[in-house]
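Remarks on the structure that follows.
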Amino acid sequence: MTTAESTSRVEALAISDLAGAGPITLEMVERAVAHTTRRCGGPAGVSATLAYEYGEHPQETARRVRWARGVLEALAQPSASAAVVGSVSARCGGVG
């Protein structure tokens, strides 16, 4: 995966409707990223929406981006499990 693809996935997950409470599976993340990317009209639309949200709610958006990055990093680990991903939510302030 390229850096641009990785960044796009973080951005899409950050502005998705996926809640940070409870265990999160790879399937849930993939659905949320795909849905958000379609809803925004593609990666450029995702970036624009994230920029708008950051302008309106900078602290919450920054916290949500950290959460999204943590979820994707946890899921990328060979030993990823719902419990590991669920703990990311708690470390990032229970976003969701």
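Ordered by residue, what ³J(HN,Hα) values in Hz, to whole numbers, does the range 9-21 give under the Karplus form 6.51 cos²θ - 1.76 cosθ + 1.60, where θ = phi - 60° and Gly and Pro are x?
These are the phi-based 3J(HN,Hα) values: 5, 4, 4, 5, 5, 4, 9, 6, 8, 5, 7, x, 7 Hz.
How large is ³J(HN,Hα) for each residue in the range 61-75, as worked out from phi by the Karplus curve 6.51 cos²θ - 1.76 cosθ + 1.60 (θ = phi - 60°), to whole Hz, x for Gly and Pro?
5, 4, 5, 5, 5, 4, 4, 4, 4, x, 4, 5, 5, 5, 5
Give me S79, S8 ranked fewest to most by other Cβ atoms within 10 Å of their Cβ, as a rough exposure proxy.
Starting with the residue having the fewest Cβ neighbours, the order is S79, S8.
Read-outs: derived from the displayed coordinates by stated rules, not from any lab. The structure displayed is predicted, hence computed values, not measured ones. Because the Cβ atoms are built from the backbone with ideal geometry, glycine has one as well, and the counts that use them run over all protein chains shown.
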